[in-house]
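Chemist: This is the structure, below, for whatever I ask next.
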Amino acid sequence: MIESIESLLNDQIQYEASASMQYLAMASWADQKGFNGIASFFYSQSEEERVHMTKLVKFVNERGGNVSIPSLDKPKGSFNSLNELFETFLESEIFVTQKINEIIFECLERKDYNVHNFMQWYVNEQLEEEALARTLLDKLNIIGDDKSGHYLFDRDITSFEEEGQEGE
Ligand code: FEO
């Protein structure tokens, strides 16, 4: 495996793991505040990111590369509002997309079409995740400070999730 690409894939393992722990912290915060729908949404996002991480670990190993399982920084655990919670979600997804694009760029530079092909799954996944995060944040911006709006948002978040994934 090309060294620079192996190194970027290892970095990506860390980003996916960090996203998983960040979303777990967000789920736990929402759970504590009584937003059960939002909690369930982020518990499931956390699981998804763990799958993204493990998929990379397995791929690097299958290709005969070296995986280095990273230690992680403590995730952000408290939020001032639902908007801040979902802004954190969107920022995290945008960051991950940028990092995936950097891997794609390196694959093309180094003509590693195998890894490039593998990474297409992540490119598509990011398109969906970012679109979902933007949709949810847009809805929260419309709701503003309205408490009954937050109640309905929490109740309906699972259906927003399905809406966002219709193109899948
Ligand atoms: Fe796997 Fe949503 O980053």
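The values are calculated or read from the model by the stated rules, or taken from the named source; none is laboratory data. Not measured: the values here are computed from a predicted model. Quick reminder, even Gly has a Cβ in these numbers, built from the backbone with ideal geometry, and neighbours come from all protein chains shown. Note: areas computed on protein heavy atoms with side chains; ligands, DNA, RNA excluded. Shrake-Rupley method; radii C 1.70, N 1.55, O 1.52, S 1.80 Å.
Chemist: Determine whether Glu16 is within 11 Å of the ligand (Cβ to nearest atom), under 24 Å from Thr158 (Cβ atoms) and open to solvent by less than 40 Å² (accessible area, probe 1.4 Å).
Modeler: Yes: the conditions hold for Glu16.
Chemist: On the phi < 0 side of the Ramachandran plot, more than 10 Å from the ligand (Cβ to nearest atom) and not in a helix (DSSP H, G or I): which single residue out of Asn66, Asn83 fits that description?
Modeler: Only one candidate qualifies: Asn66.
Chemist: Go through (1) under 30 Å from Asn36 (Cα atoms); (2) free of Cβ contacts under 8 Å to residues at least 24 places away in the same chain; (3) outside any helix (DSSP H, G or I) one by one and return the number of the condition Gly77 breaks.
Modeler: Every condition holds for Gly77 apart from (2).
Chemist: Kindly evaluate Arg155 against the criterion of being open to solvent by 70 Å² or more (accessible area, probe 1.4 Å), in contact (Cβ under 8 Å) with a residue 40 or more places away in the chain, within 16 Å of the ligand (Cβ to nearest atom) and over 30 Å from Glu3 (Cβ atoms).
Modeler: Judged against the criteria, Arg155 is not a match.
Chemist: Taking Ser71 as meeting all but one of (1) loosely packed, with under 15 Cβ neighbours inside 10 Å; (2) touching a residue at least 40 places away in the same chain (Cβ under 8 Å); (3) small (Gly, Ala, Ser), write down the number of the exception.
Modeler: It fails just one condition, (2).
Chemist: Further, regarding this structure: Tell me, please, whether a residue that is within 16 Å of the ligand (Cβ to nearest atom), loosely packed, with under 14 Cβ neighbours inside 10 Å and among the aromatic types (Phe, Trp, Tyr) can be found in the stretch 93-116.
Modeler: Yes: the stretch 93-116 contains one or more residues that are within 16 Å of the ligand (Cβ to nearest atom), loosely packed, with under 14 Cβ neighbours inside 10 Å and among the aromatic types (Phe, Trp, Tyr).
Chemist: Would you confirm, using the coordinates I've provided, whether Lys76 is of a type outside the set (A, V, I, L, M, F, W, C) and surrounded by fewer than 12 Cβ atoms within 10 Å (Cβ to Cβ)?
Modeler: no
Chemist: Taking the criterion of being closer than 20 Å to Phe35 by Cα, modelled with pLDDT of 95 or more and aromatic (Phe, Trp, Tyr), would at least one residue in the stretch 120-134 satisfy it?
Modeler: Within the stretch 120-134, not a single residue is closer than 20 Å to Phe35 by Cα, modelled with pLDDT of 95 or more and aromatic (Phe, Trp, Tyr).
Chemist: I need the full set of residues from the stretch 38-49 which are open to solvent by 40 Å² or more (accessible area, probe 1.4 Å) and near the ligand (Cβ under 9 Å from one of its atoms), in order please.
Modeler: Glu48
Chemist: When only residues in the stretch 117-135 that are in contact (Cβ under 8 Å) with a residue 12 or more places away in the chain and of a type in the set (S, T, N, Q) count, which is most open to solvent (accessible area, probe 1.4 Å)?
Modeler: Within the stretch 117-135, the match that is most open to solvent (accessible area, probe 1.4 Å) is Thr135.
Chemist: Here is a check on your reading of the model: is Val115 part of a helix (DSSP H, G or I) and in contact with a Cys (Cβ under 7 Å, 6 or more places away or on another chain)?
Modeler: yes
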